[in-house]
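The values are calculated or read from the model by the stated rules, or taken from the named source; none is laboratory data. Predicted, not measured: the structure shown is a model, and the values here were computed from it. For neighbour counting, all protein chains shown are included, and Cβ atoms are generated from backbone atoms with ideal geometry for every residue, glycine included.
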Amino acid sequence: MGNNNVIKKQKAKVFRYNAGIEGAVEGNTVQLPFVAEYKGDRQTLMEYIWYTKENNQLIKRGIEVSGHGEFGVPTLREYDVLVSLQRLFLNEKTDHGRCELRTEDVTDEYLTINFTIYQLAKEMGYKSPNSLVLNNLRRSIKILLATTVTGKYSGGIYDIKKKKYVEDEISFHLLESAHSRIEYEETENNELIEVNNKLRIKLSRFTYNQMINDYKLFYNKGLYLKTKNLMARKLYHLALQWKGSNNFAWANINTLMEKIPMIENQEKYRKRYIKKALKILNDKKILKIKYDDQNKDLVYFIFNDSEETGFLLTKYNKFSEIRDAFYNLGFTLDEVDEYLDIQEIRYIQALLRYMDLQLKRDNIEKPKEYFKKCLEQRIKLDGRFFNQIGD
């Protein structure tokens, strides 16, 4: 989630990224369940509940979202606007790829994003935004300004600084205030004409604090804008966040439906919308989508085709390959006899595949010691690293 190029200064944090090519979005923004676009009466208050497993206990978590009195709670359309506003904010703080964010003296003025509605539309990928597009953006901003998010139950808002969910019932706004400033020019006839209508919107202080504590996601802006399907865009961000330092992520269709709620009673239609968005991601070559052979509701997000061998399970299918892998890790003949247990061969195969991915990312300093520790502790490995029984 963080960035290796972050530099701490006494009163600021500096990180480097390719502004204009890359985008960055605050982590909780990605996790918040923005509802899919829907028709009919607007929902002005919604509660989202989910469960996490910690120390073998099921923890109930949730948030309450209070939206605009007329236009309702924020949808994926508002998510797209909020993500774009965060890009504009970081662009203002970036000079030649060097973004500096204050850790002290963070005034309201410093948190203010200055832009025109037309500039926002261009940032969002509209080449020639018409009045309908611009008015929709104005409405989305009104919704974001009116929205309050409140953590419920055992906490639904994650505090990156404390590395845990906030269990108290705290609330925060997605955006905190807005002002407009109209600029005029005088014509030859001494008439004033409007030439610029600048908006000044203050970023949420909570959102900013999460950003400076490294809870932000970097992504390819070009890939994000490659599709107009808002559900596909959100899934792209979620998969990026889940993959961490790997080049793949996975999720169950039910999890995706929880992360993107829909005003649709029938599950089969909700699944259909999710699968349509997944197909768009694959067809547009934003990332590769694969479904598990045994469980069709299990989805793999693959970000780099060169990693596909890890999913095709082509390595370590012969005993000689497994034995040679032990030698390459530095095991002696006696150690191979000790650790290469035929009864554990399926797990050892999977662990070697997992190790290959970690070594490729330079995530392991002492491979032999790491492998022994994993084997002795029998760390839990994802099913993708295992051959299916009968293969």
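Some notes on this structure:
- Residue in region 183-200 that is in contact with a strand residue (DSSP E or B) (Cβ under 9 Å, 6 or more places away or on another chain) and modelled with pLDDT of 85 or more present: yes
- Residue list for region 264-321, restricted to those being modelled with pLDDT under 90 and β-branched (Val, Ile, Thr): Thr309, Thr314
- Identity of the residue in region 127-169, of a type in the set (S, T, N, Q) and free of Cβ contacts under 8 Å to residues at least 24 places away in the same chain, that ends up nearest to Leu85 (Cα to Cα): Asn135
- Condition met for Gly125 (touching a Lys or Arg at 6+ places or on another chain (Cβ under 7 Å) and on the phi > 0 side of the Ramachandran plot): no
- Meeting the requirement of 3 or more residues that are surrounded by 12 or more Cβ atoms within 10 Å (Cβ to Cβ) and within 26 Å of the chain's Cα centre (by Cα), the helices (runs of 4 or more DSSP H) wholly within region 248-339 are 253-259, 267-283, 308-312.
- Condition check for Gly155: surrounded by fewer than 16 Cβ atoms within 10 Å (Cβ to Cβ) and either touching a strand residue (DSSP E or B) at 6+ places or on another chain (Cβ under 8 Å) or within 17 Å of Arg200 (Cα to Cα) (or both): no
- Inside region 205-241, residues that are assigned to a loop (DSSP other than H, G, I, E, B) and either acidic (Asp, Glu) or modelled with pLDDT of 90 or more (or both) make up a count of 6.
- Test for Ser128: is it assigned by TED's automatic domain parsing to the domain that holds Leu32, more than 26 Å from Lys13 (Cβ to Cβ) and crowded, with 20+ Cβ neighbours inside 10 Å: no
- Hey, Phe15 surrounded by 13 or more Cβ atoms within 10 Å (Cβ to Cβ) and at pLDDT below 90 or not: yes
- Whichever residue in region 30-57 is β-branched (Val, Ile, Thr) and at pLDDT 90 or above and, among such residues, is nearest to Leu238 (Cα to Cα): Val30
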